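Asker: What follows is a single structure, and I will ask about it in a moment.
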């Protein structure tokens, strides 16, 4: 188990425990690829491997350790190069050939949407957008053109009835008709 009782998961980037390293976090860990590239090139400003912009550790623009082959677990020093954030991000985006739902990024299936409040744009999948619209139309055809209104919920089990007791109570309830949606949440069965 990890910190605060949460299960440990495999990170996209492995870390090393090196509290004396200049790039280490407060808890003494440092991303392995950053430590290895730092040990290889030192603290001096470096040109971005892709565009030539001068980058520095913790500077503006900040130096990013870029994996040439795209494998974040391959931390061979020959696979790591200094890069600027835009080049690192653009290389990662260009390497993706499909959206997260498996649709291919083609010119016909791709459009760019401007992010609110910024001058940045994000790549959007037309097939996913069509599917989202289809699901919305099927889910609530009577509400098309109006605000979505959730059906009223009736809390029917505040006293912890068992399933049999709840069925009996529902059969005798005269204030519930067949068109009222009924939601029931059960805790553990009483012992």
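Asker: What number of residues in region 42-69 are in contact with a strand residue (DSSP E or B) (Cβ under 6 Å, 6 or more places away or on another chain) and either assigned to a helix (DSSP H, G or I) or more than 25 Å from residue 93 (Cα to Cα) (or both)?
Answerer: 1
Asker: Let me ask something else about it. For residue 73, state whether it is within 30 Å of residue 130 (Cβ to Cβ) and within 24 Å of the chain's Cα centre (by Cα).
Answerer: Numbers: within 30 Å of residue 130 (Cβ to Cβ): no; within 24 Å of the chain's Cα centre (by Cα): yes.
Against the criterion (within 30 Å of residue 130 (Cβ to Cβ) and within 24 Å of the chain's Cα centre (by Cα)), residue 73 does not qualify.
Read-outs throughout are calculated quantities, based only on the coordinates presented, and are distinct from any laboratory measurement. As the structure is a computational prediction, the values presented were derived from the model and not from experiment. Positions of Cβ are generated from backbone atoms using ideal geometry, with glycine treated the same way; all protein chains shown enter the neighbour counts.
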